Each structure stands twice: as structure tokens, then as C-alpha cells.
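Encoded as C-alpha cells, the structure appears first; notes follow it.
The values are calculated or read from the model by the stated rules, or taken from the named source; none is laboratory data. What you are looking at is a predicted structure, and each value in this text was computed from that prediction instead of being measured. FYI the Cβ positions are ideal-geometry reconstructions off the backbone, even for glycines, and counts take in every protein chain you see.
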Ligand code: HEM
């Protein structure tokens, strides 16, 4: 760690360095030492406690980052297409728009629909496991992130939305670029990368919606475009913005979940063997991966009015940073929290958020990862590290950029 931790502000600064992003966990412990709620100046509250994050996510007075919130937090954002599009999706909206969007899209993610996706996901995953085995057959290192971890959720979301297979691999760049717009920024120019990714993706979805409107198929883009045209519940831009959210949210974090789950299996061969012998262990294993090394580390909220939160007075406009990955290691909630224990029971990680914005794709993400891991480990019993992994320089959505493996 390059920046010494002398106070909470120094710990937060250290968290933003490449070293801090690579291994934020000691810094969360340093922050926790100051208590579950930390004031950083008059305008920011940092939350590291599990109970406090849980409560914040259900507090109607704490707003998600919609356009009005962004006007206070990041003046100038309206010149940047990344946030112009983000602010039209359900994740970055509040009541009443949020309910309108969520109602419109939630029918596509009912437990029945997800259960119906399982055989499709299993077929796609088997194909991708075979593909990986083929790529690594000569013993050469293969990048697990590009060749498997991204392709699994991309294939599943592609099948669901109706994105042709030949277009899918090219989305990794724009998806990754868009997630950089969610990082804390000091300078609006840091949004340029996200803007570029968003422009490319918006052009793609505008065309896809037009094509499916003209000639519908059996996919979600066709179904929801027709529903929009019939009901008028959403504008065309809102429809496209939320399709883009589904693709970005439905690929980047699930990719990181699969990458982190494999890395933990390589670090803990006894658990990898357990998964090979008994795939029924996968739900507990994936739940513990989500707690221990979550793809989503931090969420933002803003106090709508002057209010009190857990006994702390907040003025309107106070930024509330929820370090959910720290909450996932809160010793008041999890015994022996720094230990990776897939046999843990009552695992209530904060990784899929909670309250109104609870992840719409949580069941889908779990299903894919629980299917992929045991199949991969069984088919490739000799899978192992083949060089140094690379980390993305991101904190909010943290994961590997590159994870070289040998397949046997
Ligand atoms: C490991 C995988 C995933 C993680 C860690 C994750 C995490 C999250 C989190 C933390 C939120 C809420 C953020 C907040 O409260 O501010 C969220 C919302 C959302 N997620 Fe996921 N997600 C994952 C997979 C997926 C998948 C597969 C989909 C695909 C459909 C998806 C779609 C969404 C949507 C649409 C929302 C917005 C819900 C709303 O605002 O009402 N996510 N996700």
C-alpha cells in the first residue's frame, strides 16, 4: 500500500489508487476501525457496516443517482452521452420513473422465465466449456476473462435479448468502457471513454429495435418493443436506455463473478474438488464468492432532504457512499468474515443491493455461475494459473481484466 492510512480521509484516498483498487480489503478494515458510519467532511457519509448499508438501501430519503442528483454531484454531465443515457435507465432513476421502468421490464425476469432460461444457459455453457478446452488443448495460456467469463453472460443475454452470436464478442470493449463512467471522477474528461462505449452501443440498439419492430422474432427486444409501441408507457429513448442497462449489467458483473469464482477455486483446490464431486455445492460457493470478493463494491446515494440516518444528521445533498464490499465483511454480521467459507449458512451479502433497486438479474446471475463453475472444473480438471492476472483500474465494479490459465 503506497499511501499511509492515518485517518479515514487517507484510507479513502488510498482506495482510489491502483494498489487500493487491486486489494481494497485491508482499507475497508482500516475504515471500519472508525465505526460503521464515517463523516468525511460536511457533504459525505461513508458507510461500512452491514446493518447500516442494509438500512440505507431501503431508506426512501436516500436517492439513487438520477439526473437531478447528478446536477448537484457532477455539473456538466449533460454534455456526456454516457450519463445522458444512464440517467434514463431504471438503476439511475427514482420514484415515480423507477417504478414505471421496473414494472415494464420485471415481467421478463420472473422466476418462471429464469427457470425457462436454464436449459438454454446450460447448452450455451457446455459449448463454451468445450470451446475453452479446445483453445487450451495445446497447453498454451488462454485468457479466461475474454474466452469464457465474458462469453457466458454475453451468450445468455444475447440469447435473451436477441443479439446475433456474431455480434456478441465485440461488446466486451463498449461494456467495459461504459462501466468506467460509474467510477468516482475528478474531471469530466474521464467520462470520454464511457461516452465512446455508450455511443457505439446506442447506435447498435437503435438499429436492433428498428429491425425487430419491422420483423419481430422470439426475443425480448421484439417483445418489449411491441409492448412499448402498444402501451406508450416508455419513450423510445427510455426503452433503448434500459436495453443497454440490461446488457451492461447483465454481462460485466456476471463476468467478474465467474472470474472471481474461478480464481478462488484455484486458490482453494479443496473447494474446487468439492465442486467437481458435488455440483450441489455450487449455490453456497457462488454465494460466498459474492460476499467475499464481490463484483460490485460500492453504491452511491444522496440525501433528498435534511434528514437523520442511523442517528447521524444529514443535510440535503449529502453524498452517501455505501461500501457494500466492506459490509459483506462486517464481523457484527458474519462470523470469521475474512475467511472464504463456501459452507457458510445464512449468507446475506449486500452484493445485489436491496430495496427498490434490488438487482433485477440476481437469479439469472446466480443460475449461470452455479451452472458454469462445476461444469468447467469437471471438464478441465487440470485448469490452473498461467501467469499474472491483470486487474481493471476500477473500484465500483471490480474484477480481472485478464486471467491467464492453462487448461490441463
Ligand atoms: C454478479 C452479477 C451481478 C451483480 C453483482 C449485480 C449487482 C447489482 C446491484 C448492486 C444493483 C443495484 C445498484 C444500486 O442499488 O444502486 C443492480 C441492479 C440491477 N441489475 Fe444487477 N447485478 C448482477 C447481475 C445482473 C444481471 C445478470 C442482470 C441482467 C438482467 C442485471 C440487471 C440489473 C438491473 C436491470 C438493475 C437495476 C434494478 C433497479 O434499479 O430497479 N444484473 N445489480
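Being modelled with pLDDT under 95 and surrounded by 15 or more Cβ atoms within 10 Å (Cβ to Cβ) is true for just one of 300, 328, 347. Which residue is that?
347
Among the candidates 188, 160, 182, 208, single out the residue that is closer than 22 Å to residue 66 by Cα, assigned by TED's automatic domain parsing to the domain that holds residue 85 and surrounded by 18 or more Cβ atoms within 10 Å (Cβ to Cβ).
182
Among the numbered criteria (1) surrounded by fewer than 19 Cβ atoms within 10 Å (Cβ to Cβ); (2) touching a strand residue (DSSP E or B) at 6+ places or on another chain (Cβ under 6 Å), which one does residue 223 miss?
Only one criterion is unmet by residue 223, namely (2).
Out of all the residues in segment 88-98, which are surrounded by 14 or more Cβ atoms within 10 Å (Cβ to Cβ) and under 20 Å from residue 57 (Cβ atoms)?
Residues satisfying the conditions are 89, 90, 91, 92, 93, 94, 97, 98.
For residue 207, state whether it is more than 14 Å from the chain's Cα centre (by Cα), at pLDDT 95 or above and within 16 Å of residue 164 (Cα to Cα).
Criteria met by residue 207.
Among the helices (runs of 4 or more DSSP H) contained in segment 28-116, which hold 3 or more residues that are within 15 Å of the ligand (Cβ to nearest atom) and either within 30 Å of residue 370 (Cα to Cα) or not assigned by TED's automatic domain parsing to the domain that holds residue 174 (or both)?
In segment 28-116, 50-57, 97-106 are the helices (runs of 4 or more DSSP H) which contain 3 or more residues that are within 15 Å of the ligand (Cβ to nearest atom) and either within 30 Å of residue 370 (Cα to Cα) or not assigned by TED's automatic domain parsing to the domain that holds residue 174 (or both).
With the requirement that a residue be within 23 Å of the chain's Cα centre (by Cα) and crowded, with 17+ Cβ neighbours inside 10 Å, what does segment 32-52 give you?
45, 46, 47, 48, 49, 50, 52
Looking at segment 389-408, which of its residues are more than 23 Å from the chain's Cα centre (by Cα) and part of a loop (DSSP other than H, G, I, E, B)?
407, 408
Go through (1) within 14 Å of the ligand (Cβ to nearest atom); (2) buried (at least 23 other Cβ atoms within 10 Å of the Cβ) and name the single condition residue 148 misses.
All conditions pass for residue 148, except number (1).
Do the conditions hold for residue 356, that is, is it within 13 Å of the ligand (Cβ to nearest atom), part of a loop (DSSP other than H, G, I, E, B), within 30 Å of residue 63 (Cα to Cα) and over 13 Å from the mean Cα position of the chain (by Cα)?
no
Which one of these is crowded, with 18+ Cβ neighbours inside 10 Å and either farther than 26 Å from residue 379 by Cα or assigned by TED's automatic domain parsing to the domain that holds residue 179 (or both): 316, 282?
Going through 316, 282 in turn, the sole match is 282.
Could you list all residues from segment 139-165 that are modelled with pLDDT of 95 or more and more than 16 Å from residue 247 (Cα to Cα)?
Result: 141, 142, 143, 144, 145, 146, 147, 148.
When segment 164-190 is examined, which residues are found to be in contact (Cβ under 8 Å) with a residue 12 or more places away in the chain, more than 16 Å from the ligand (Cβ to nearest atom) and closer than 18 Å to residue 252 by Cα?
Selection gives 167, 169, 173, 174, 177, 180.
Name, by its number, the condition in (1) touching a helix residue (DSSP H, G or I) at 6+ places or on another chain (Cβ under 8 Å); (2) part of a helix (DSSP H, G or I); (3) closer than 30 Å to residue 262 by Cβ that does not hold for residue 134.
Evaluating residue 134 over (1) touching a helix residue (DSSP H, G or I) at 6+ places or on another chain (Cβ under 8 Å); (2) part of a helix (DSSP H, G or I); (3) closer than 30 Å to residue 262 by Cβ leaves (1) as the failure.
Starting from residues that are free of Cβ contacts under 8 Å to residues at least 60 places away in the same chain and touching a helix residue (DSSP H, G or I) at 6+ places or on another chain (Cβ under 8 Å), keep the ones in segment 114-126 and report whichever is surrounded by the most Cβ atoms within 10 Å (Cβ to Cβ).
Looking at the filtered set, the residue picked out is 124.
Would you check if residue 189 is at pLDDT 95 or above and either in contact with a helix residue (DSSP H, G or I) (Cβ under 6 Å, 6 or more places away or on another chain) or on the phi > 0 side of the Ramachandran plot (or both)?
no
This table checks each residue for (1) at positive phi; (2) without any contact (Cβ under 8 Å) to a residue 12 or more places away in the chain.
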{"position": "96", "(1), (2)": "no, yes"}
{"position": "131", "(1), (2)": "no, no"}
{"position": "151", "(1), (2)": "no, no"}
{"position": "159", "(1), (2)": "no, no"}
{"position": "162", "(1), (2)": "yes, no"}
